[in-house]
Amino acid sequence: MAPRVAVTVGDPRGIGAEVVGKALRGAAVRADIVLVGPAPLIEGIPAAEHVEIHLPEADRIASASSRAPILTLPEAEAGRVVRASVETAVGLALSGEVDAVVTGPADKRALRAAGVNFPGHTEWLAALAGGVDVAMMLVAGGLRVVLVTTHLPLRAVPAAVTVERLLTSGRLARRALEEWWGIEDPRLAVCALNPHAGDGGLFGTEDDDVLRPAARELDATGPLPADTVFVRALRGEFDAVLVPYHDVGMTAVKVAGFGSGVNVTLGLPLIRTAPDHGTALDIAGKGMADPGSMREAIRLAAELGLIRRTR
């Protein structure tokens, strides 16, 4: 029996509906897709089931092919459409009606205007699931990167990278690799914070004082310098790399698979994936959007949902 995957189309002003439609029409998907969103955006997309979001702002979106009224939708109204879509999809997953959820790209300002007061989907989904610990994993081909910190200014990162935070991220990664990917005894690596992993304290002591003890407790390799750890992971030496700050991890993923990366939220009682790009409001309605990342997000959600169901 094929896994059932709920897919939200994201911000109605963006490229979400376009990339979902292209992804589902352009390749065979081994899953029963349940589309969630406003009727005009999802009705023409092939799927096993369509779950329509009925809000005043959703119902007055004229049509998916006529972008002008959608592009002028106020931020708060667009945010309320996304909020209702995500909450509906999560509800389907928590009730066991679907095996996984894929969320389309959303605009943080629109979500904030709609009363979603979280930095992004990851923290929001953690709250919807009851306040569980979560971590963000990015997947590009054989590379899996887990972000220990996410959207912080660089100056705030050293204080935020604690042994406790590393241990939480590492344990979530190990559990997901075992339970979702079916990997026995996953091999973790820890990416260093400082150049040359601090070089014995010459370039900072965080790697010796914080990252190394955490790696030892996790039975992980490292900390290893950022300029070598991802090469070793791509060669198959590690199943996932714990990364102390956002941009070094995101850069590795984008270089390894630009246009095909997938965001996975670890720690949830449901499988959630998403494309690694935003709403791209500047090209919405022009037919230019690349569906590669959305296609991979749907494929991975279906794969993980099937593995989890059969374990």
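A few remarks follow.
- Elements of type helices (runs of 4 or more DSSP H) contained in the stretch 121-188, each with 2 or more residues being touching a helix residue (DSSP H, G or I) at 6+ places or on another chain (Cβ under 7 Å) and farther than 30 Å from V82 by Cα: 163-179
Conditions (1) in a loop (DSSP other than H, G, I, E, B); (2) under 28 Å from G130 (Cα atoms); (3) in contact (Cβ under 8 Å) with a residue 12 or more places away in the chain, marked per residue:
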| residue | (1), (2), (3) |
| --- | --- |
| V253 | no, no, yes |
| S260 | yes, no, yes |
| P269 | yes, yes, yes |
| A297 | no, yes, yes |
| L300 | no, yes, yes |
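- Among the residues of the stretch 237-255, those identified as crowded, with 21+ Cβ neighbours inside 10 Å and not β-branched (V, I, T) are F238, A240, L242, P244, Y245, G249, A252.
- Matching residues, the stretch 227-268, being among the hydrophobic types (A, V, I, L, M, F, W, C) and over 24 Å from R155 (Cα atoms): V231, A233, L234, F238, A240, V255, A256, F258, V262, V264, L266, L268
- Qualifying residue in the stretch 261-270 (condition: at pLDDT 95 or above, within 24 Å of D185 (Cβ to Cβ) and surrounded by fewer than 22 Cβ atoms within 10 Å (Cβ to Cβ)): yes
- Filtered residues of the stretch 1-22 (kept if of a type in the set (G, A, S) and either touching a Gly at 6+ places or on another chain (Cβ under 8 Å) or at positive phi (or both)): G10, G14, G16, A17, G21
- N194 fulfils the conditions (1) in contact with a Phe, Trp or Tyr (Cβ under 6 Å, 6 or more places away or on another chain); (2) in contact (Cβ under 8 Å) with a residue 24 or more places away in the chain except for a single criterion, (2).
- Counting only strands (runs of 3 or more DSSP E) that sit wholly inside the stretch 1-118, those with at least 1 residues that are of a type outside the set (A, V, I, L, M, F, W, C) and crowded, with 24+ Cβ neighbours inside 10 Å are 4-8, 32-37.
- Residues that are touching a residue at least 12 places away in the same chain (Cβ under 8 Å) and surrounded by fewer than 23 Cβ atoms within 10 Å (Cβ to Cβ) within the stretch 227-236 comprise R232, L234, G236, listed in sequence order.
- Scanning the stretch 97-124 for residues being of a type outside the set (D, E, K, R) and over 11 Å from the mean Cα position of the chain (by Cα) gives a total of 13.
- Tally, over the stretch 209-222, of residues that are assigned to a helix (DSSP H, G or I) and either crowded, with 16+ Cβ neighbours inside 10 Å or not assigned by TED's automatic domain parsing to the domain that holds P244 (or both): 6
The values are calculated or read from the model by the stated rules, or taken from the named source; none is laboratory data. Note that this is a predicted model, so its numbers are computed, not measured. All Cβ positions, glycine included, derive from the backbone under ideal geometry; neighbour counts span all protein chains shown.
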